[in-house]
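Just below is one structure, and these are the notes that go with it.
Each value in this text was obtained by applying a stated rule to the coordinates, not by laboratory testing. Model, not experiment: these values are computed from the prediction. Note that each Cβ is placed from the backbone with ideal geometry, even for glycine, and that neighbours are counted across all protein chains shown.
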Amino acid sequence: MRIELNHIGRRFNREWIFRNLDYVFEQGISYAILGANGSGKSTLLQVVAGNLSPSEGKISYLRQEQQLDEELIYNYLSIASPYLELIEEFTLTELINFHFNFKSYHPDLNTKAVIELLGFEKSKHKPIKYFSSGMKQRTKLALAFCADTPFLLLDEPTANLDNQGIDWYKSFVKHFSSNRLVIICSNQEHEYDFCEQTLNIQDYKT
């Protein structure tokens, strides 16, 4: 599977965030989208995820050369970012069960296994609103990594994580990123040092 960007641009009001972007993301390869804070990395990721429409150009999702319906692309991707909200009234167990009503588990995983991978067995019945920012970020990452989707999109994945959390993130990358199209938005090298390809968003400023 792959994602093709053809002459993609996105603007807010009259300001172009990026423009004239032609790129192909291939399954089985990890990519890092780089750039300074506020440069448009997250905006590009939201366009790739289908959450924002490009202001110009076309994005195509292809499986065995057949184009996928853009309205169904959410079935094929998982995304985690600091700005995505969790349902804070749910307990951890309820949140995981709810999430995996819409996604399939990665092979050999279930709710209990995800909680164990998080290391949150003692918090499985605790409402998310009582989680620390680091626990919430781990939960977002686990939901994305543990879903059986070919596309994995991560924005600033270690935001709010301490050194132990960063090591935990790296272990998840090692175990759950193979044979997926992985895109990391970051300006922290430890988040993307495993990526084979890089795209600097500032190369596409007008």
Beta bridges by DSSP in the chain, antiparallel share as percent, to the nearest 5:
50
Taking placed amide H atoms and a strict 5 Å upper bound, the residues 5 or more places from Ala147 or on another chain that come that close are His106
Positive-end residue of Leu86, Thr111, Tyr61, charge dipole of the chain with Cβ unit charges
Leu86
Run through region 115-206 and list the trypsin sites (Lys or Arg not before Pro) located in a DSSP loop whose Cβ has at most 14 other Cβ atoms within 10 Å.
Lys205
Just tell me the longest site-free run in the chain, where the sites are GluC sites (Glu not before Pro) in a DSSP loop having at most 14 other beta-carbon atoms within 10 Å.
90-195
Whole-angstrom gap from region 124-164 to region 14-34, using each part's C-alpha centre
24
Given Leu199, Gly28, Leu77, which one lies farthest toward the positive end of the charge dipole of region 2-204, if we put +1 on the Cβ of every Lys and Arg and -1 on the Cβ of every Asp and Glu?
Leu77
How do Arg14, Arg19 line up, fewest other C-beta atoms within 10 Å first?
Arg14, Arg19
Candidate values [x] 32, 21, 13; [y] 22, 21, 17; [z] 29, 19, 16, label of the one derived for semi-axes √(5λ) of the Cα gyration tensor in Å
[z]
With a 10 Å cut-off between alpha carbons and a GNM built on the chain, which of Tyr169, Tyr74, Tyr83 moves the most?
Tyr83
Would you kindly state how much longer the chain becomes between Glu121 and Phe194 on full extension, computed as 0.36 nm times their sequence separation minus their alpha carbon distance, in nm to one decimal?
23.3 nm
What's the magnitude of the charge dipole for the chain around its Cα centre, counting Lys and Arg as +1 and Asp and Glu as -1 at the beta-carbon? Answer in Debye, nearest 20.
320
Determine the alpha carbon to alpha carbon distance for each of Lys41/Lys103; Lys103/Lys136; Lys126/Lys174 and list only those over 22 Å.
Lys41/Lys103; Lys126/Lys174
Rounded to the nearest 5, what % of the DSSP beta bridges within region 50-167 are antiparallel ones?
50
